[in-house]
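Readers should treat all values here as calculations from the given coordinates under stated rules, not as data from a laboratory. It should be emphasised that the depicted structure is a prediction, and the values quoted were computed from it without experimental measurement. Cβ placement follows ideal geometry from the backbone for every residue including glycine, while neighbour counts extend to all protein chains displayed.
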Amino acid sequence: MWRRAASLSSLIFSSSQPLRDQQGAYSLKAWKFFCADSSKGAGYFSKEKNLFITFVLGGPGSGKGTQCAKIVENFGYTHLSAGELLRREIASNSEDGAMLLDTIKEGKIVPSEVTVKLIQKEMESCGNCKFLIDGFPRNEENRIAFEQIIGAEPNNVLFFDCPEEEMIKRVLSRNEGRVDDNIDTIRKRLKVFAASHHPVIEHYSKKGKLYKIDAIGTEDEIFERVRPVFAACEGAQ
């Protein structure tokens, strides 16, 4: 089994086969190096007796980030955002970050295995065993990759159920200066979310792991609907 080298650049210059194609895009070979199993190997986390994973799903403006902060404060979970991990890797100016940036600039989707490996690396290094994984999985491919690479399923899945018009109002009122925070783009993002997340939500609903949270109300009111889910989990562990 491949072990990840200290730097992707050493692989680029030592490999007998090119890791970029003629247009300069990274090849599948490069992605395989990036996704090589860590020394602990796939399935490492499934051996951790106290590991507890919660996926947190919800459309833009559903309030899941705010509620994650409250869960962390009250129940001691580590909050991992898949999008933030990708942005951090890109900002690090590492070889891996350059690969991710090239992929995004080309309008391509970052392979699920890459995102999962970043999540895995963070889980291994943080010293906690309770995780909130926010905004992931985005689709069935993400879900399958996570379960295969980590070797574990989530213990439960939160879905913040919020009407579309309410999410639009919240995103527009955030005033974060994001270029995609306009009504047309938000509506498109919500349509993509609904289409891609529906199979994931259905999958975990059938397995009895889904908790649908009414995301209308004040932050504290919504958290009072979230709290019993985690209080019950604390008692079961």
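With contacts taken as Cα pairs under 8 Å and at least 6 residues apart, segment 86-237 reaches a relative contact order of 21 percent.
Across segment 206-221, coupling constants 3J(HN,Hα) worked out from phi with the 6.51/-1.76/1.60 Karplus curve, θ = phi - 60°, read 5, 8, x, 9, 8, 10, 8, 10, 5, 9, 9, x, 6, 4, 5, 4 Hz, and Gly and Pro carry x. Its Cα gyration tensor gives segment 81-237 an equivalent ellipsoid; the semi-axes, largest first and in whole Å, are 26, 23, 16. Given their separation in residues at 0.36 nm each and the Cα-Cα distance between them, H198 and K169 gain 8.2 nm when the chain is fully extended. Amide H contacts for H79 (H built 1.01 Å from N in the peptide plane; partners 5 or more residues away or on another chain; cut-off under 5 Å): L132. In plain terms, the residue of E234, E84, E122 with the fewest other Cβ atoms within 10 Å comes first and the most crowded comes last, giving E234, E84, E122. For segment 136-230, the set of trypsin sites (Lys or Arg not before Pro) satisfying both a DSSP loop assignment and a count of at most 14 other C-beta atoms within 10 Å is given as R178, K207. Neighbour counts of C-beta atoms inside 10 Å place H203, H198 in the sequence H198, H203, starting with the fewest.
Going by neighbour counts of Cβ atoms within 10 Å, the residues S125, S94, S62 line up, fewest first, as S125, S94, S62. Taking 7 Å steps out from each Cα toward its Cβ at S92 and K206 produces label points 3.7 nm apart.
Give a quick list of GluC sites (Glu not before Pro) in segment 133-217 that DSSP marks as loop, anything other than H, G, I, E or B, with at most 14 other Cβ atoms within 10 Å. Loop-located and lightly packed - E176.
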